[in-house]
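The values are calculated or read from the model by the stated rules, or taken from the named source; none is laboratory data. Since we're looking at a predicted model, the values are computed, not measured. Cβ placement follows ideal geometry from the backbone for every residue including glycine, while neighbour counts extend to all protein chains displayed. Ligands, DNA and RNA are stripped out before the accessible areas are found, and what is left, the full protein with its side chains, is counted by its heavy atoms. Shrake-Rupley method; radii C 1.70, N 1.55, O 1.52, S 1.80 Å.
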Amino acid sequence: MPVETAALVLIAITLFAATVNGALGYGFSSLSVPVAVLFFANRVLNPAFVLIELVVNSYALFLNRRSVPRIWKRTLPIVGGLLPGVVVGSFLLSTVNPGAIKIVTYALLLPLILLQAGGFRRYVHAERRVGVPLGIGIGVLYSVTTISGPPLALMLNNQGFVREDFRASLAIIRIAESTLTAIAYAFLGLYSIQTGSLVGLIAPSVIVGVPLGAFLIRRLAVETFRRVCMSFDAWVVGFGCSRTLIDLGIVGDPTAYVVLATAAAIDMLLLYQFFAKRRRGELVFDGVVAASH
């Protein structure tokens, strides 16, 4: 595909993702990376995304700074597990075949998105004991893919964080993981001239999209908007997985599109159930954010 087309797609998807992030406080990576990796290898794309994520999450933490005294101790076990995970994940990124990384990205992301879409909740009583191993897993996932929101969302939502506390907790963890990952990438020599070029393409989308999203959400139903964005995410990941299976020669065309068809069918069922509940006036976790960042 021509470089110009790839650049236009990257600008468009990051503008959309930044708008969602500005509206809901999350969603930038999980919406943009599944599309972007169809045009750029993770080891090229990730360094630029990590730098952008550091700025975006610092801004999110500033907006939700009043929640920090309430939640910072609860985030420490997860933050403590990030370092070994980031070291392992960064090494994998620099050595493993890019195609394999794409498949792993999609395979991990899709079920987590669908679990959130289905409203999965299971309270974790041993929160502190679970935090460190969760942090290790998140560190590996983030440093390989720059995506960590789905497992974090499942954990934080299960623990009953209200919207502002959720955003502050997520921002603290993601600032820590993006800082550690940025340092690890530097040691591994993953930054290049192309990193600066990609940052230059993405930054204007973030500058425009984040305040645009904050403006739009005042006029939209938050939970409905979140659920529609999650539906888009599931379809994009399903398509990306199908295309990657074809490109790597693992499954032929059109058989590979069974992944997309399955994801779409499950998502449509969950979407129908969601709107049916809304029509009946049932509560759909309006007090708690269910994220896919």
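Select from segment 127-149 the residues that are open to solvent by 10 Å² or more (accessible area, probe 1.4 Å) and farther than 27 Å from Pro98 by Cβ and list them in ascending order.
Of the residues in segment 127-149, the ones open to solvent by 10 Å² or more (accessible area, probe 1.4 Å) are 127-130, 132-134, 136-137, 140-141, 144.
Within segment 127-149, Glu127, Arg128, Arg129, Val130, Val132, Pro133 meet the criteria.
Looking at segment 220-232, which of its residues are modelled with pLDDT of 85 or more and either open to solvent by less than 20 Å² (accessible area, probe 1.4 Å) or more than 30 Å from Pro47 (Cβ to Cβ) (or both)? Hit for segment 220-232 is Ser231, nothing else. Return a yes/no flag: does segment 40-50 have any residue that is open to solvent by 20 Å² or more (accessible area, probe 1.4 Å) and not in a loop (DSSP other than H, G, I, E, B). Yes, some residue in segment 40-50 is open to solvent by 20 Å² or more (accessible area, probe 1.4 Å) and not in a loop (DSSP other than H, G, I, E, B). Within the set Glu127, Glu164, the sole residue that is in contact with a helix residue (DSSP H, G or I) (Cβ under 9 Å, 6 or more places away or on another chain), more than 13 Å from Ile78 (Cβ to Cβ) and among the acidic types (Asp, Glu) turns out to be Glu164.
Among the residues of segment 93-113, write down those that are open to solvent by 30 Å² or more (accessible area, probe 1.4 Å) and either among the β-branched types (Val, Ile, Thr) or part of a helix (DSSP H, G or I) (or both).
Taking segment 93-113 first, the residues open to solvent by 30 Å² or more (accessible area, probe 1.4 Å) are 94-98, 100, 102-104, 107-108, 111-112.
If the condition is that a residue be open to solvent by 30 Å² or more (accessible area, probe 1.4 Å) and either among the β-branched types (Val, Ile, Thr) or part of a helix (DSSP H, G or I) (or both), then Ser94, Thr95, Val96, Pro98, Ala100, Lys102, Ile103, Val104, Ala107, Leu108, Pro111, Leu112 are the ones that fit.
Please pick out the residue among Leu201, Leu216 that is assigned to a helix (DSSP H, G or I) and at pLDDT 90 or above.
So the residue among Leu201, Leu216 that is assigned to a helix (DSSP H, G or I) and at pLDDT 90 or above is Leu201.
Of all the numbered requirements in (1) on the phi > 0 side of the Ramachandran plot; (2) open to solvent by 10 Å² or more (accessible area, probe 1.4 Å), Gly27 misses one, and that requirement is (2). Of the listed requirements (1) under 30 Å from Ala100 (Cβ atoms); (2) free of Cβ contacts under 8 Å to residues at least 60 places away in the same chain, Ala176 misses just one: (2).
Do we have Ser242 as in contact (Cβ under 8 Å) with a residue 40 or more places away in the chain, touching an Asp or Glu at 6+ places or on another chain (Cβ under 9 Å) and hydroxyl-bearing (Ser, Thr, Tyr) here?
On the way: in contact (Cβ under 8 Å) with a residue 40 or more places away in the chain: no; touching an Asp or Glu at 6+ places or on another chain (Cβ under 9 Å): yes; hydroxyl-bearing (Ser, Thr, Tyr): yes.
Judged against the criteria, Ser242 is not a match.
Any chance segment 128-139 includes a residue that's in contact (Cβ under 8 Å) with a residue 40 or more places away in the chain and either outside any helix (DSSP H, G or I) or closer than 22 Å to Ala36 by Cα (or both)? Looking through segment 128-139, at least one residue is in contact (Cβ under 8 Å) with a residue 40 or more places away in the chain and either outside any helix (DSSP H, G or I) or closer than 22 Å to Ala36 by Cα (or both).
Pick from Arg74, Arg66, Arg70: which is more than 24 Å from Gly196 (Cβ to Cβ), among the basic types (Lys, Arg), touching a helix residue (DSSP H, G or I) at 6+ places or on another chain (Cβ under 9 Å) and crowded, with 17+ Cβ neighbours inside 10 Å? If you could, list the steps in order and put the result at the bottom.
Working: Arg66 fails: crowded, with 17+ Cβ neighbours inside 10 Å; Arg70 fails: crowded, with 17+ Cβ neighbours inside 10 Å.
The match here is Arg74.
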